[in-house]
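The values are calculated or read from the model by the stated rules, or taken from the named source; none is laboratory data. Computed from a predicted structure; not experimentally measured. Counting neighbours? That spans all protein chains shown, and the Cβs are built from the backbone with ideal geometry, glycine included.
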Amino acid sequence: MKTMLKLTPVIAAVGLLAACGSTMEQRAATGAIGGAVAGQAIGGDTGATVAGAAIGAAAGAATTPR
């Protein structure tokens with residue numbers, strides 16, 4: 001239950017910032033920041049933060065602007 005309470009604002013913030021940016025680099029940076037925050041909230045350690053940042057950066061770079 002504690003994890004769900006931690007994740008609710010993180011998911012909301014990541015959803016609002018998803019794919020922000022007009023260039024691939026900007027979207028990758030936004031994804032990395034959101035992923036790092038989510039990784040820290042979920043895992044609570046450095047490894048989870050780094051993994052979240054890597055996954056978020058890849059997902060952000062893979063998106064296309066509207």
Quiz item: Across the stretch 27-66, what is the total count of residues that are among the hydroxyl-bearing types (Ser, Thr, Tyr), surrounded by 15 or more Cβ atoms within 10 Å (Cβ to Cβ) and at pLDDT 85 or above?
Solution: 2
Quiz item: All but one of (1) closer than 19 Å to Leu5 by Cβ; (2) modelled with pLDDT under 90; (3) exposed (fewer than 15 other Cβ atoms within 10 Å of the Cβ) hold for Thr23; which doesn't?
Solution: (1)
